[in-house]
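Undergrad: Below are the structure tokens for one structure; questions will follow.
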Amino acid sequence: MDKLVIEGGRPLSGSIRIHGAKNAALPILAASLLSEGNVMLRNVPRLLDIDVMLGILGRLGCKASHKGDTVMIDASSTDSYHVPEDLMKQMRSSIFLMGPLLAKFGEVCIYQPGGCAIGERKIDLHLRGLQALGASIEENNDQIWCRASKLTGSDIHLDYPSVGATENIMMAAALAEGTTVITNAAREPEIQDLQNFLNKMGASIMGGGTDTIKIRGVKRLYSCEYEIIPDRIVAGTALIAAAATRGTVTLSHCNPSHLVSLLHVLRRVGVQIRACNDIITVSSVGRPKAVEVIVTSPYPSFPTDLQSQVMVLLSLADGFSLMKETVFEGRFKHVDELVRMGADISVDLNSAFIRGVPRLYGATVEATDLRAGAALVIAGLAAQGRTIVEQVHHIDRGYDRIELMFQCLGGVMHREAPVLKQLDLA
């Protein structure tokens, strides 16, 4: 496995452009299966998860190519509704294929999806939503079959505003007969991006970004070109890294309205922020201030995907902070690694108690999941001395060569591939 070697203690400075959003691109790639023509997607990041999704589409018979930041998809040759188990186990987001394949073929076979080990993430809301549209569900060990001779619009209330369930229902309902109304829908920007993409293909959906989404089913969807929104989590990671290293960084091609909750926290810790159109500049020269409490919750509240990164910043703050994680129960695995770097953090159930320390120190640490890995990179950039982050493949799932992003901002870091020892056959 690759590792990142970081020489910390230098303020970040400079400008970078934020790449497209992983969490928007993945469901949109899945939704492309619904098109009767070609789809061109721009601003698609080159990530491990994107590669896995394109691999799944290829195994289903779909023609897809990824050149630069553009993906071309021709779903006319898709001839399978059986999602391959080996690829599905690699990525949680493969669950997005349920809705479009069910709508396209009237049948889909999937397996329990894989992904980061950050706690239990059930798919019952996905299954109940598809059942409400007329699907029958049969489970056999890890294999799940969904069948529907016809999908019919329905009123669907989600017990929890699940992003994935909302998106799966939207994609299936786009070609259902009649009208579907989802209440207590997820409100994330990625939901609105999926709505806009489906509508560009000819769907009739409104309400994306609110808690009530209305889908009027249409008979077919067509070719289109579409540009993926910028990645708010990558943008947030860069902003937090600037604050943690006491630097000045400018981000372009980002959407400040998608980062309101994070910008509020950064202002509370003392960071200077300027936002205009698609540009954000942050500057931090002094030690950050502690924040009494931060609670993760579905959008527009503070995102769980930035919890571990902000914890690094709070571990360097002057005072005591409390972080409560309400979305995933297994998302404090980075704490032990930060403690190894000198942080003073203790965990009790879903709460992390953070007593700020003057500095962190370089150490060899392990990325246990995608966002934990990003947090350890930030910690390494802020720490004194050398930090080695192992298990970098987790980070590659959501960041397009994170070392290059921070090198552009003056971070001293590089990637090292494992050295394969040659056998002595003499």
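Undergrad: What residues from the range 299-322 fall in the zone where the backbone N is under 15 Å from a label point 7 Å along the Cα-to-C-beta line of SER257?
TA: Counting only backbone N, you get 300.
Undergrad: Obtain the nm distance between the two label points defined at ASP142 and LEU322 by a simple spin-label model: each point lies 7 Å from its Cα along the Cα-to-C-beta direction.
TA: 4.0 nm
Undergrad: In debye, nearest 20: dipole of the chain around its Cα centre with unit charges on the Cβ of K, R (+) and D, E (-)?
TA: On the way: 42 positive and 45 negative charges, 212 e Å.
Charge dipole, the chain, about its Cα centre: 1020 debye, nearest 20.
Undergrad: Is the range 321-406 best put as rounded, prolate or oblate by its Cα gyration tensor, with a ≥ b ≥ c the root eigenvalues, rounded for a/c under 1.5, and otherwise prolate when a/b is larger than b/c, oblate when not?
TA: oblate
Undergrad: Moving on to the next point. Could you tell me whether the range 8-139 comes out rounded, prolate or oblate from its Cα gyration tensor? Rule is a ≥ b ≥ c as square roots of the eigenvalues, rounded for a/c under 1.5, then prolate if a/b exceeds b/c, otherwise oblate. Mind showing how you got there, number by number?
TA: Values: a/c = 2.30, a/b = 1.42, b/c = 1.62.
Here the range 8-139 falls in the oblate category.
Undergrad: Can you check how the C-alpha radius of gyration of the chain compares to 2.2 N^0.38 Å, as a plain ratio?
TA: Numbers: Rg = 21.8 Å, N = 426, 2.2 N^0.38 = 22.0 Å.
So the chain has a normalised radius of gyration of 0.99.
Undergrad: Also: In whole Hz, what ³J(HN,Hα) sequence does the range 310-315 give by Karplus (6.51, -1.76, 1.60; θ = phi - 60°), x for Gly and Pro?
TA: 3J(HN,Hα) across the range 310-315, in whole Hz: 5, 4, 4, 4, 5, 5.
Undergrad: Taking a ≥ b ≥ c as the square roots of the eigenvalues of the Cα gyration tensor of the range 35-90, is the shape rounded (a/c under 1.5), prolate (a/b larger than b/c) or oblate?
TA: Oblate.
Undergrad: Label-point separation (nm) for VAL181 and MET1, each offset 7 Å from Cα along Cα-to-Cβ?
TA: 4.8 nm
Undergrad: Pull up all non-local amide H partners of ALA176: gap of 5 or more, or a different chain, and H-to-H distance under 5 Å with H placed in the peptide plane.
TA: Answer set, sorted by chain and number: VAL218.
Undergrad: Could I ask something else about it? Could you work out the Kirkwood radius for the range 261-396, taking every pair of different alpha carbons, averaging 1/r and inverting it, reported in Å?
TA: It works out to 15.1 Å.
Undergrad: Output the direction-averaged projected area (hull surface divided by four) of the convex hull of the alpha-carbon atoms of the range 248-329, in nm².
TA: Taking a quarter of the hull surface, the average projection is 5.3 nm².
Undergrad: Can you tell me the alpha carbon radius of gyration of the range 84-178 divided by the globular rule-of-thumb value 2.2 N^0.38 Å?
TA: Its radius of gyration relative to the 2.2 N^0.38 Å reference: 1.01.
Undergrad: Here's a follow-up. Cross-link partners among lysines for LYS333, C-alpha distance below 19 Å, same-chain residues fewer than 8 apart left out?
TA: List returned: LYS3, LYS324.
Undergrad: Moving to a separate point now. So between VAL357 and ASP79, what do we pick up on full extension, going 0.36 nm a residue minus the alpha carbon distance?
TA: Full extension from VAL357 to ASP79 adds 94.3 nm.
Undergrad: Sticking with this one: With every protein chain present, what accessible area does TYR160 have (1.4 Å probe, heavy atoms only), rounded to the nearest 10 Å²?
TA: About 90 Å², rounded to the nearest 10.
Undergrad: Restrict the search to the range 61-157; then list the GluC sites (Glu not before Pro) that DSSP places in a loop and that have at most 12 other Cβ atoms within 10 Å of their Cβ.
TA: GLU120
Undergrad: Using the charge dipole of the chain (Lys, Arg: +1 at Cβ; Asp, Glu: -1 at Cβ; taken about the Cα centre), state which of ALA132, LEU57, LEU338 has its Cα farthest towards the positive end.
TA: LEU338
The values are calculated or read from the model by the stated rules, or taken from the named source; none is laboratory data. Nothing here was measured: the structure is a model prediction, and the numbers come from that model. When we count neighbours, we look across all protein chains shown, and the Cβ atoms used for this are built from the backbone with ideal geometry, even at glycine. Keep in mind that these areas ignore ligands, DNA and RNA; they rest on the heavy atoms of the full protein, side chains included. Shrake-Rupley method; radii C 1.70, N 1.55, O 1.52, S 1.80 Å.
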